[in-house]
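Sharing a structure, written as structure tokens. Questions coming.
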Amino acid sequence: MTVRYTEQPERPLAPVGEVAFHQWVFPDGTLWTQFFRQGAGYLLRFPELADFEVSADGCTVQGFPAPGVPSPTVEHLYLNQVMPLALSRQGKLVLHGSAVEIGGQGAAFLGESGRGKSTLAASFATEGTRFLTDDGLLLEWVDDRCMILPSHPSIRLWEDSQDALVGERTAMAPAVCFTSKSRFLAGPGIAFCDEARPLRRLFLLGEAQVETPTIEPLRPAEALIELVKHSFLLDIEARDMLARHFDDLSRLAALPIYYRLDYPRSYAALPAVREAVIRHALEQSESIEHEFV
Amino acid sequence: MNLSDKVSIPTQVMARTVGDETVILDLASGTYFGLDPVGARIWGLMGEGATLAEICATMLDEYEVEREQLEADVLRLAAELAERGLIGPA
């Protein structure tokens with residue numbers, strides 16, 4: 001990763017003189033993140049939790065915990081929210097998604113928070129299929145191949161997912177205070193892939209409207225819209241950068257790799273989901289290889 | 001909106017073509033809209049500053065279509081795009 005991060009001593013979250021140029025709000029109306037300009041750079045505020053100062057080029061981040069907020073919470077916010085945003089300012093492509101390695105290639109899962117992308121990645125990883133990231137899907141073109149870069153080797157899960165998938169086999173990172181998710185470190189019991197893998201499948205997670213796993217192709221235009229919706233973007237007003245970002249996503253959308261994956265959200269269904277995904281990814285890989293023979 | 005109107009495309013609104021469809025996107029608001037090739041042609045002519053009537057005239061040369069139908073389609077598309085803030089008055 002190419003972001004330099006330092007955590008500073010805690011400080012009160014002082015009122016900011018100007019109006020936020022962007023914000024993230026939960027569906028229930030709770031304010032999650034405010035985006036302010038600060039000189040040439042940015043101030044990202046997570047109310048009652050922390051401030052992060054991001055340099056104009058997205059290469060340097062400083063975290064300031066609010067009084068009483070533990071360091072793991074701030075580190076967690078940095079890894080899952082702020083670092084992807086900083087990378088986007090460097091022109092990198094980061095999506096809200098998880099990814100695993102199947103047959104030496106990458107299969108990614110895009111979805112909003114709560115759609116099950118971390119649970120699905122963890123479900124693969126606890127069964128020996130290595131995961132590349134549980135959120136913050138970082139993509140990079142190398143020659144003509146789009147590669148998934150591995151993230152930090154941890155998976156965050158809600159408590160019910162932990163009980164169902166992980167049990168007591170795995171080392172746990174310190175819990176964070178703003179969510180009932182905990183962060184698990186990779187290790188025995190959770191397999192992690194620490195090398196880049198070519199992106200071969202990108203599954204958009206559906207709304208659990210089915211009784212058995214289904215996989216349906218997406219049109220390129222549908223894929224482009226989903227890629228836009230699931231992008232991390234720090235500065236939504238930097239037009240040149242937005243245009244470049246849209247170009248990058250259009251190039252990505254033209255790949256024949258997009259499918260909508262839907263399945264019932266029960267832990268009992270996960271083995272069938274894994275089997276369907278693995279079979280689909282391997283079939284497609286074989287047919288792609290045959291095209292080049 | 002009338003056929004004599006010209007429209008403008010806000011600077012933060014962009015269009016890209018993938019496959020045989022075009023996606024228009026307002027990256028600032030997150031609003032998006034998909035167009036088939038005919039819709040994409042109308043969008044392109046809007047961006048060149050033509051009035052809706054001039055767009056219809058050009059399209060009549062290029063496509064097998066009744067004028068009445070075409071004018072209704074162009075006006076409807078312009079209204080939908082305007083409603084989403086993807087075009088504005090020139």
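What residues does segment B:18-67 have that are buried by at least 30 Å² of accessible area in the full protein assembly compared to the chain on its own, 1.4 angstrom probe?
Listed by number, the residues meeting the 30 Å² cut-off are B:VAL18, B:GLU21, B:VAL23, B:LEU25, B:LEU27, B:ALA28, B:TYR32.
Just the number, please: buried accessible area between B and A, total of both chains, 1.4 angstrom probe, nearest 100 square angstrom.
1400 Å²
Additional query: With the dipole of segment B:15-62 worked out from charges on the C-beta (+1 for Lys and Arg, -1 for Asp and Glu) around the Cα centre, which of B:GLY39, B:ALA53, B:LEU25 lies farthest toward the positive end?
B:LEU25
At 1.4 Å probe size, with the rest of the protein present, what percent of the exposed accessible area of chain B is carbon and sulfur atoms? Write out the running numbers ahead of the final one.
Numbers: 2180 of 4650 Å².
C and S fraction of accessible area: 47 percent.
Starting from the Cα of A:GLN90, step 7 Å along the direction of its Cβ; do the same at A:GLU195; then give the gap between the two resulting points in nm.
Inter-label distance under the simple model: 2.2 nm.
Running a GNM on chain B with Cα contacts under 10 Å, which residue among B:GLY30, B:GLY39, B:GLY19 ends up with the highest mean-square fluctuation?
B:GLY19
May I pose another question? With a Förster radius of 41 Å, plug the Cβ-Cβ distance of A:ARG4 and B:THR17 into 1/(1 + (r/R0)^6) and report the FRET value to the nearest 0.05.
The value I calculate is 0.60.
Report, as an integer, the average count of C-beta atoms from other chains found within 10 Å of each Cβ along A:204-217.
Mean shielding by partner chains, rounded to a whole number: 0.
Then there is this: Given the peptides A:5-13, A:143-151, arrange them by the average over their residues of other C-beta atoms within 10 Å, most packed first.
Highest to lowest by the protection proxy: A:143-151, A:5-13.
Counting only the heavy atoms of the protein chains, how much of B:PHE33 is accessible to a 1.4 Å probe, in Å² to the nearest 10?
20 Å²
Placing +1 at every Lys and Arg Cβ and -1 at every Asp and Glu Cβ, with all other atoms neutral, what dipole size does chain B have around its Cα centre, in debye to the nearest 20?
420 debye
Long-range amide H contacts for A:LEU204: which residues qualify at under 5 Å (H placed 1.01 Å from N, peptide plane, sequence gap of 5 or more or a different chain)?
Amide H neighbours of A:LEU204: A:LEU110, A:TYR259, A:ARG260, A:LEU261.
With a 1.4 Å probe on protein heavy atoms only, tell me which residues of segment A:243-277 lose at least 20 Å² of accessible surface in the complex relative to the chain by itself.
Buried by 20 Å² or more upon assembly, which counts only protein chains, are A:ALA243, A:PHE246, A:ASP247, A:SER250.
In degrees, nearest 10, range 0 to 90: what is the angle between the Cα axis of helix B:67-83 and the longest Cα principal axis of chain B?
The answer is roughly 20 degrees.
Shifting gears a bit: Under the rule of -39500 (n - 2.57) per DSSP H run of 4 or more residues, summed and divided by the residues of chain B, what mean residue ellipticity at 222 nm is obtained, to the nearest 500 deg cm²/dmol?
-13500 deg cm²/dmol
Between B:GLU62 and A:ALA208, what FRET efficiency comes out of the Förster formula 1/(1 + (r/R0)^6) with R0 = 45 Å and r the beta carbon distance, rounded to 0.05?
Using R0 = 45 Å, I get an efficiency of 0.50.
Please work out the average accessible area per residue across chain B, using the 1.4 Å probe convention, and give it in Å².
For chain B, the per-residue accessible area is 52 Å².
With a 1.4 Å probe and all protein chains left in place, how much of the accessible area of segment A:1-143 comes from carbon and sulfur atoms, in whole percent?
The computed percentage sits at 51.
What do you get for the angle between helix B:52-62 and the principal long axis of chain B? Use alpha-carbon atoms, 0 to 90 degrees, nearest ten.
70 degrees
Same structure again: For labels at A:ARG37 and A:VAL142 in the simple 7 Å Cα→Cβ model, what's the distance in nm?
3.8 nm
Now a separate question. How high is the relative contact order of segment A:1-99? Use alpha-carbon pairs under 8 Å, at least six apart in sequence, and give a whole percent.
Relative contact order here is 26 percent.
The values are calculated or read from the model by the stated rules, or taken from the named source; none is laboratory data. Predicted, not measured: the structure shown is a model, and the values here were computed from it. Note that we place each Cβ from the backbone using ideal geometry, even for glycine, and neighbour counts take in every protein chain shown. Accessible surface is based on the protein model in full, side chains and every heavy atom, while ligands, DNA and RNA are left aside. Shrake-Rupley method; radii C 1.70, N 1.55, O 1.52, S 1.80 Å.
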